[in-house]
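I have placed the structure first, in the form of structure tokens, so that the comments after it can refer back to it.
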Amino acid sequence: MKLSELIKKVKYQKVVNNKEVEITGVSYNSKTVQKGDIFVCLKGEYSDGHDYAKMAVDNGASALLCEREIDNISSDIPQIIVESTRHQIADVASAFYEYPSKNIKLIGVTGTNGKTTVTHLIQRIVEDAQHKCALIGTLGYKLSGQDTYHDAKHTTPQAPELQKTLKMICEKQIDYVAMEVSSHALEQNRVGGCDFDGAVFTNLTQDHLDYHITMNNYFEAKAILFKGLKSGDFAVINNDDEYAEKFKSVVPDGVRIFTYGIKKDADIKAQDIDFSIHGAKFKITGQKVEAQSKEVNLQMNGMFSVYNALAALAAGVAMGFDMDICIKALEETKSVDGRFEIVSKKPLVIVDYAHTPDGLENVLKAARELTPKDSKLVCMFGCGGDRDATKRPKMGKIADENADIVVVTSDNPRSEDPQLIISDILAGIKSINTQKVYVEPDRRTAISMLKNIASENDVVVLAGKGHEDYQILKNETIHFDDREEARKVFC
């Protein structure tokens, strides 16, 4: 693509060294830039891409997108000066890949918890309705009809990778994409240039305040997805969430709103909910339910799974699919990797990705439903380093109040001292009873300890890492998988 064609949709201030060059790709990493790429000088938390522009040119970049003129660059290299490269990279990437989202039905799912499960359920519904659907999210991206995930570094990829993936999906003639959309991606405009046909809101509870600072900022980031919808699109909103009305208020005129819930009236509502080791059973009613009620038997467990199923069901109805097909798809779906995943039955060992106060509370309440009357609920968890520290004592308090035994350990400590993170967690626990609260910074050792703590009729929750197969330490990232370690101990 010619540079002049590429920058037609870009709001630039000026072009330095203006000349026509052929652009063959979009890059923001000076080490991996390819010959002919336009290199985008992104300002990050720890580095500034402008400092690596010369390296990018030396490695083959044909043009630069930058926020200031760079002096030590050859006059043969055009420099497109913009106000914010972080916000313009999406425009450049979507233009380069010819706006692929306009040729597919793109459904965005956002919220603190539940995004991964909801996107998987939506994919299953769409495919059971005889359409092809791809998936993009925390586990990577997965094409229609495939079981293999292709690795992704972020819940929502950076714009060049995202647009390239969407282009590839279009070329494979896949009709739908269900995509997790994180608050970071919305705030940083990674999904800029994406033409969403629908948006789903799961819930909004404390997370990422190290980045967003306030809950209102966090909401505003999530709201970007809904503000960008167009007349004829749909918005699915959790009517039980305290932010439901705020999300409804930002939805543009002409967008169809579908609500779901359990506590309040909604278009799709669950009632008569019952849990067993086999899953959750409930009836659905509401304004969008034609029959008086329909029964659903999920293989997944916990109240949060009921909410996730309702969100996907509402999305399926919004897309015009038959409700019976949607329900059958939900019933035939097993749990997503690392989401309330059972890895042992004696004791019942559950691995879950819960890493927020709300997520941990939901998982422990779901696990309590499965705990026999005279048995114990054991919870092992930690909190991530270099992340929102204010949630640590809150999670300690939640574990203390909802579990019979608590094992506090490490969970991606990063550059922080694991013991200091644990101290923050312990501040939320009322009394350090050595018969109830155990501390072991080494996560592998902590899991091994559970063999002597839990009896065969107890329930054990390993929270925080879920599907992750790594542990991020100060100087290295090592292979570590809760599921593997638990099977070594209990199976």
Inset, instruction - Only residues that are acidic (Asp, Glu) and either part of a helix (DSSP H, G or I) or crowded, with 21+ Cβ neighbours inside 10 Å (or both): list them for region 353-395, please. - result: 358, 361, 369
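Just name the residue that is nearest to residue 189 (Cα to Cα) out of those in region 1-24 that are of a type in the set (A, V, I, L, M, F, W, C) and in a loop (DSSP other than H, G, I, E, B).
10
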Legend entry - Cβ-Cβ under 9 Å pairs, at least 6 apart or on other chains, region 175-199 side at positive phi, far side of a type in the set (Val, Ile, Thr): 189/89; 189/224; 193/92
Inset, instruction - State whether one or more residues within region 11-31 are on the phi > 0 side of the Ramachandran plot and either among the aromatic types (Phe, Trp, Tyr) or touching a Leu at 6+ places or on another chain (Cβ under 7 Å) (or both). - result: no
Inset, instruction - Given the conditions (1) surrounded by fewer than 17 Cβ atoms within 10 Å (Cβ to Cβ); (2) of a type outside the set (Phe, Trp, Tyr); (3) modelled with pLDDT of 95 or more, report the number of the one that residue 216 does not fulfil. - result: (3)
Inset, instruction - Check off (1) in a strand (DSSP E or B); (2) surrounded by fewer than 16 Cβ atoms within 10 Å (Cβ to Cβ) for residue 461 and give me the number that stays unchecked. - result: (2)
Inset, instruction - Within region 296-303, identify whether any single residue is under 30 Å from residue 373 (Cα atoms), surrounded by fewer than 16 Cβ atoms within 10 Å (Cβ to Cβ) and free of Cβ contacts under 8 Å to residues at least 12 places away in the same chain, and answer yes or no. - result: no
Legend entry - Qualifying positions in region 55-89 - assigned to a helix (DSSP H, G or I) and of a type in the set (Asp, Glu): 58
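Looking at 273, 327, 350 in this structure, which one is in a strand (DSSP E or B), in contact with a helix residue (DSSP H, G or I) (Cβ under 9 Å, 6 or more places away or on another chain) and not assigned by TED's automatic domain parsing to the domain that holds residue 361?
On inspection, the qualifying residue turns out to be 273.
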Inset, instruction - Give me the pairs, please: first residue somewhere in region 240-253 and more than 15 Å from residue 311 (Cβ to Cβ), second residue anywhere and among the basic types (Lys, Arg) and part of a helix (DSSP H, G or I), beta-carbon distance under 9 Å, and either six or more positions apart or on two chains. - result: 250/227; 251/227; 252/227
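The values are calculated or read from the model by the stated rules, or taken from the named source; none is laboratory data. Since we're looking at a predicted model, the values are computed, not measured. Quick reminder, even Gly has a Cβ in these numbers, built from the backbone with ideal geometry, and neighbours come from all protein chains shown.
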